Each structure stands twice: as structure tokens, then as C-alpha cells.
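For reference, the structure discussed in these notes is given below.
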Amino acid sequence: MTFQVKPISPEGVPAALRKAERYRLINDPSSAESICRDVLTVDSANQQALVTLLLSITDQFAGAPIEGARRAQELLPRLSAEYERAYYAGIICERCAKAQLRSDAPRAGEMAYHWLRDAMSWYEQAEARRPPGNDESILRWNTCVRLLARHERLRPRAEEPVELDLE
């Protein structure tokens, strides 16, 4: 027996998006992802649904961060503003780094380091495009700097020099 996904009504989109956020908050990202996909079936350009979907995917990075990163990155071109594309590209990389850091895989620290450096590059691009008063990209950059300083496993390959300026 095959089951079909049922469409939601356009009028139900705001409530569905609120519910998706609640599912993310209670650590049920797969349910949030499903709801966002339902919203995008009705309104394919809904920016809130795209961002929530992207974040829901990154919330699930623990198992397979590389595959999850690919799925999340596929959503970036659908974001309407350059700032959001750069900022959320950084979020994807940062969350991959954190998933790698939790991993016991060989060279996980090196991989996490490179993900963090990519995140920082994206955050710099976002910072250059940020609206006045929006310091999200700076806050994320600072988090990455502190992670690099705190964890000994986060090191580049031996041939790469690194400089950290914490203050």
C-alpha cells in the first residue's frame, strides 16, 4: 500500500511555520523538516520555511554531516538576499564542524577545523552585507574563534599556519 502526502491549505501556512519552530525547539528536527516541506509545496519561495528547513536539516547533522550539509546547501540559492545566503552558508559549515568535533573519526579535528574556517569565511562575507544593527555574523565569527582556541583537536594540517587574535 502506498500513502500520499496531503497538501496543506495556504491559510494554514503561518500556523504550520509556528509549529515547525516549536518542533525545532523541542529537538524534533525531522518533524520540523516535514512541516517546512509541506509549506514549500504550497509556497515554494517562502523564506521563513526555507530558513527553518535549512536549520532543521543542520539540527540533524550528528549522523551524517556531509550528506546533511549537501542537502542544506541545496537550499541556499533559494534564499532571496545575499546576506542570508552567506550567513546560512556559514551556519551550515559551523554545524558540520561541531558534528565533526563530536566524532571519533580519524582526523576529525582537522576536518572540523576546515569546516570552521569555511564558516568564518562565510561570516565575513555576511558581515560585509549585513543590515545596520545586525551583528549575527559577528557573533557567529566570535563563537568560531573561541571554539578554535578552546579545543586542542581543532588544528589545521601541519603545513598550515594559524593565527588567533582573541582580543
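The values are calculated or read from the model by the stated rules, or taken from the named source; none is laboratory data. Predicted, not measured: the structure shown is a model, and the values here were computed from it. Positions of Cβ are generated from backbone atoms using ideal geometry, with glycine treated the same way; all protein chains shown enter the neighbour counts.
Across the range 118-148, what is the total count of residues that are out of contact with any Ser or Thr (no Cβ under 7 Å at 6 or more places or on another chain), more than 9 Å from Ala97 (Cβ to Cβ) and in a helix (DSSP H, G or I)?
Number satisfying all stated conditions: 18.
Does Ala45 fit the bill of being on the phi < 0 side of the Ramachandran plot, surrounded by fewer than 16 Cβ atoms within 10 Å (Cβ to Cβ) and not β-branched (Val, Ile, Thr)?
yes
Report those helices (runs of 4 or more DSSP H) wholly inside the range 1-98 carrying at least 2 residues which are charged (D, E, K, R) and in the same structural domain as Arg153 (by TED's automatic domain parsing).
Of the helices (runs of 4 or more DSSP H) lying wholly inside the range 1-98, none has at least 2 residues that are charged (D, E, K, R) and in the same structural domain as Arg153 (by TED's automatic domain parsing).
With the requirement that a residue be more than 17 Å from the chain's Cα centre (by Cα) and among the aliphatic types (A, V, I, L, M), what does the range 20-47 give you?
Matches in the range 20-47: Ile26, Ile35, Val39, Leu40, Val42, Ala45.
Can you find a residue in the range 143-150 that is of a type outside the set (Val, Ile, Thr), without any contact (Cβ under 8 Å) to a residue 40 or more places away in the chain and surrounded by 15 or more Cβ atoms within 10 Å (Cβ to Cβ)?
Yes: the range 143-150 contains one or more residues that are of a type outside the set (Val, Ile, Thr), without any contact (Cβ under 8 Å) to a residue 40 or more places away in the chain and surrounded by 15 or more Cβ atoms within 10 Å (Cβ to Cβ).
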